[in-house]
Every structure is written in C-alpha cells, then in structure tokens.
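To start, the structure itself, in structure tokens.
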Amino acid sequence: MELRHLKHFMVLARVRHFNRAATELNLAQPSLSRSIQKLESLLGVKLLDRNAKTVKLTAYGELVQSHGEKILLSVDCLKEELDAMKGLNTGELVVGASPIPATSILGPVIGEFVRRHPLIGVDLKVDSWQPLYNSLIKGQLSLFIAETKGTGLDKCDDVDLLPLPEFSAVFCCRAGHPLLGKPGPLTMSDLRCYPLAIPRNLPASMFEIFGDLFSKERADFAGLVRFDQFQPIKASLQNCDMLAITPEIAIRDELAEHELISLNPLDMPELKAHFSVVTLKGQTQAPGASEFLTCLMPRGASRQVGLLN
C-alpha cells in the first residue's frame, strides 16, 4: 500500500464527494478514482459504495478510515524524528485547547515555540474538550489542554495527563457594579438578584454546589447566559449588571486593570479549575511535540506557576 493512495482515500472519506476531494487534492477526478481503485485492489476489499452524487463507506472503508489518521500521523512523526536526527527542525505540530487555556496559556507558549523553531508550523485547534478528545483518539492532534477534573478526562484510561497549576474559579462583574457598593458583607444570596453567565459545559457537580442558583425555575430568577467562549462575555459585563463565573486566569489582565472586579462572598464555595496537558496514552511524542512541551514547562511540572504568572 502506498501512502499517497491512503492520503487520497482519507480526504475522500472526509468530504464524501469525488469532485470536492479531487479539488482539495489538486487532482483530476479520474486520477483520484484510479488511486482509490488501486488501494482497493491492494487491500483486496471494497472501500466505497458509489453513486452519481454521494460516496458511502463500506464497513471495510470505515475500518481503514479509523486507522488511517493514526498511520499518517505516525509517518509524520517518523519524518520529524528523522529530520531531528539530521539536525533539521521542520514539520507541522497540531495542538488543541479549550477556549480559556487557548488564550491564557497557549498564546504566550506558541509565540515562544515559533521563536525557537520557526520552521515548524503550528496548527491550533480551539474547541470544547469533547471534540478535542475525539481528535486526539483519531490521531489528529499531538496534545491538547483542557479542564480535566470537572470534565471527567482524569478518569479516561486512554490518555495521559500532565497537570498544570490549579486556578480558582471566581464570580466577576464590571467596575461600578451595584454589588460593590452594598453595605455589609457580601453573600451568595446577593448574587441571585442579577443575571448570571456560566460556561455551557459546567460540570454537574457545580450545579450541586450552588443549589438552584442557576435554575430558571427559582422565584427570584433574573436571567441566565450560557457561553462557549468567555471573550464575548467580557464585553457584555461592561454594559450591564450581569455577573459571570470563570477561572481567574481568564480575567487576570482585566482584574489588574480594574476593568473587572472579582467578587468574594463570605459563603462562596472553594472552586478550582484543573487544566492539564492531555496526550494519548502510550504514544511516543514527535520531536516537535516534545519541544512544545519544553516551551510550555521549561522548568518541569513543579515550576509551572512561574510560566503562567
């Protein structure tokens, strides 16, 4: 089996259309058809059910697709290791992150990595943890960063975790918010009078901790916004009395500039965000990924806090 046949098949399996696949591969459609037929001949199985408009994978095709990404990634890793042995720093590194660590953690690291290794391309995928996990399992990512305790990733047997420092989760509001001028100590009940913004994938344990605070059914409900990315919420907080809960690292700059204020109710439960670097268990990291981790944690896991301050 030739790698070019497998690469052609993987693109076709993804787009499920010969014309679109041929265009993406910069091939004539007859050439793509011959390449797929050659792969089927070499494997001795039918990979596709074809008709005039669509392409459907057979059971054999689905099996080849499930292994294909890992095969191609392994080949890329081999090429990177060979280049490293020859003293070359080339190739492409695909990493992922959920929205908060993408901005707060990976942003500075990518800059440092590119400065050290300008010939290694970086492809950053920003998404929620479930699609990132699926991409890692399929061999489409070298690593990703996400919250791993609340999401249950810390209980997955097929990944390894390299923990990053814990960050407190806080409620925040704009400067000048009415709560900031409240006489006497602030309590959690005071928050119930204002609209709340919470992450869409807030772990179930958080709802248990806060009781009915985020419930639309409570009598004093004042509004609820669920978000995937916190960046738009930052702007919203400046224009209304909404409160938001987020890891402190996501608003560190805004807190320093006093654009946002962290609230500290007396009865606020202690909340921590547990971010980790997630890699596929048992997979040897390519040189590019190893170098990236060196930039991420130059002094080892025990000194990570210094990197992120």
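What follows draws every value from the coordinates through simple rules; no lab data is involved. Keep in mind the model is a prediction, meaning the values are calculated, not measured. Note that we place each Cβ from the backbone using ideal geometry, even for glycine, and neighbour counts take in every protein chain shown.
Quick look at the numbers
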quantity: Under 23 Å from Lys138, Cα to Cα: lysines that are on another chain or at least 8 residues apart; calculated: Lys7, Lys46, Lys56, Lys70, Lys79, Lys125, Lys149, Lys155, Lys281
quantity: Estimated dipole of the stretch 203-254 in Debye, rounded to 20 [Cβ of Lys and Arg +1, of Asp and Glu -1, Cα centre]; calculated: 120
quantity: Percentage relative contact order, the stretch 1-127, counting C-alpha pairs under 8 Å, at least six apart; calculated: 19
quantity: Added length on full extension, which subtracts the Cα-Cα distance from 0.36 nm per residue, Val114 to Ala235; calculated: 40.5 nm
quantity: Residue (of Pro131, Val11, Pro178) at the positive-pole extreme of the chain, dipole from beta-carbon charges; calculated: Val11
quantity: Other-chain or far-sequence residues with amide H under 5 Å of Leu260's (modelled H); calculated: Leu255
quantity: Charge dipole (the chain, unit charges on Cβ, about Cα centre) - positive-most of Ser33, Ile261, Leu78; calculated: Ser33
quantity: Among 235-242, 93-100, the order from most to least packed when residues are scored by Cβ within 10 Å on average; calculated: 93-100, 235-242
quantity: For the stretch 91-136, the spread of Cα positions along each principal axis, largest first, Å; calculated: 31, 23, 9
quantity: Nearest-20 debye value, the stretch 167-272 charge dipole, Cβ charges on Lys, Arg, Asp, Glu; calculated: 180
quantity: For Asp160, residues with placed amide H under 5 Å, excluding near neighbours; calculated: Thr279, Leu280, Lys281
quantity: Base-10 log of normalised Debye intensity for the stretch 182-223 (one unit scatterer per alpha-carbon) at q = 0.31, 0.32, 0.33 Å⁻¹; calculated: -1.22, -1.24, -1.27
quantity: Test item: Cα-centred dipole of the chain, Lys/Arg +1 and Asp/Glu -1 on Cβ, debye; calculated: 1180
quantity: Total formal charge among the other residues, if their Cβ is under 14 angstrom from that of Glu2, Lys/Arg +1 and Asp/Glu -1; calculated: +3
quantity: In sequence order, calculated HN-Hα J values of the stretch 243-258 (Karplus, 6.51, -1.76, 1.60; Hz; x Gly/Pro); calculated: 10, 9, 10, 6, x, 4, 5, 5, 10, 4, 5, 5, 5, 5, 8, 6
quantity: Orientation-averaged projected area, Cα convex hull of the chain (nm²); calculated: 20.8
quantity: Descending semi-axes in Å of the stretch 167-272, equivalent ellipsoid built from Cα gyration tensor; calculated: 19, 17, 14
